[in-house]
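In what follows, a single structure is set out as structure tokens and then discussed.
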Amino acid sequence: MSSIVLFGPPGAGKGTQAERIEKSTGLPQISTGDMLRAAIAKGTDVGLEAKSYMDAGMLVPDDVIVALIKARLMEDDARNGVMFDGFPRTVVQAEALEKIAEISHVISIIVPDERIVERICGRFTCSGCGSVYHDTFKPTKVEGKCDHCGSEDFGRRSDDNEATVINRLSAYHSQTSPLADWYRQRGVLREVDGDREINQITTDILQTLEK
């Protein structure tokens, strides 16, 4: 199988689906964020170069990211393809990726913005054990008490508010719309309805990958 790309807006459930795809297909998941952190921790040449940009508060240039990906694709577990998670984000990145990897499927998880806002703004986390809950979709069984550790101390991320989420969605759409069109023209884009039960989404994605 060639490599696949998975993308979707924040809060679309991409992380959950990525884990399931990896388990079902055996394709290792490649997250550029994880790769950057690993390269920096190992002190590789690319990692040190990336760190210099990050320490200066700058975005890591595309050529550095692509060099990191190219090295990752040389590893044994990537021999039959990989699953890119969160990359590419722009057409320029997609063009660079096309030169070093064959992409057979691009899965775009579609969720209406209003549902994304509801999902993200309703999240809260147990301060004791880190368990994640949701006001509507996953409340605690006993109000005000963690199901796992019994803690009564919970918190919400400061950026899990409507204004911030809407701004993040706006940035996502402005970047992703041209990218989706670019892949659609190449006949590899597959859009999946992400506003459904998790297992239904997984089934659709895996059926798409088999085609």
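Rule-based calculations on the coordinates, nothing more; no lab input. It should be emphasised that the depicted structure is a prediction, and the values quoted were computed from it without experimental measurement. Reconstructed Cβ throughout: ideal geometry from the backbone, glycine too, with neighbour counts over all protein chains shown.
Structure values in brief
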{"quantity": "Two-site label geometry, I110 and S2: point separation in nm, points 7 Å out along Cα→Cβ", "calculated": "2.3"}
{"quantity": "Over segment 1-125: Rg over Rh, Cα atoms, Kirkwood Rh", "calculated": "0.99"}
{"quantity": "Where Cα atoms sit under 24 Å apart: lysine pairs in the chain separated by 8 or more or lying on different chains", "calculated": "11"}
{"quantity": "Cβ-isolated cysteines (cut-off 4.7 Å), the chain", "calculated": "C121"}
{"quantity": "Cα Rg, Dmax (largest Cα-Cα span) when computed across the chain, Å", "calculated": "18.6, 53"}
{"quantity": "Separation in nanometres of the label points that stand 7 Å from Cα toward Cβ, at K211 and R186", "calculated": "1.8"}
{"quantity": "Linear extension gain, I100 paired with N80, 0.36 nm per residue minus alpha-carbon span", "calculated": "5.8 nm"}
{"quantity": "Within segment 1-85, GluC sites (Glu not before Pro) in DSSP loop having at most 11 other beta-carbon neighbours inside 10 Å", "calculated": "E75"}
{"quantity": "Cβ charges +1 (Lys, Arg) and -1 (Asp, Glu), total dipole of the chain, debye", "calculated": "200"}
{"quantity": "Net lengthening on full extension, R156/T136 (0.36 nm per residue, minus Cα-Cα)", "calculated": "5.7 nm"}
{"quantity": "For V188, V142, V106, order by how many other beta-carbon atoms lie within 10 Å, fewest first", "calculated": "V142, V188, V106"}
{"quantity": "Burial ordering of I103, I21, I205, fewest other beta-carbon atoms within 10 Å first", "calculated": "I103, I21, I205"}
{"quantity": "Exposure proxy order (Cβ contacts within 10 Å, fewest to most) of D85, D77, D147", "calculated": "D77, D147, D85"}
{"quantity": "Cα gyration tensor shape for segment 127-208, rounded if a/c is under 1.5, else prolate or oblate", "calculated": "oblate"}
{"quantity": "Point-charge dipole on Cβ atoms (K/R +1, D/E -1) for segment 161-211, about Cα centre, debye to 20", "calculated": "260"}
{"quantity": "Gain in span if fully extended, E22 to S170, counting 0.36 nm per residue against the direct Cα distance", "calculated": "50.4 nm"}
{"quantity": "Sorted largest first, extent of segment 10-62 alpha carbons per principal axis (Å)", "calculated": "37, 24, 17"}
{"quantity": "Hydrodynamic radius by Kirkwood, which averages 1/r over all alpha carbon pairs of segment 59-130, in angstrom", "calculated": "15.3"}
{"quantity": "Nearest-0.05 FRET efficiency for V91 and A71, computed from C-beta distance (R0 35 Å)", "calculated": "0.90"}
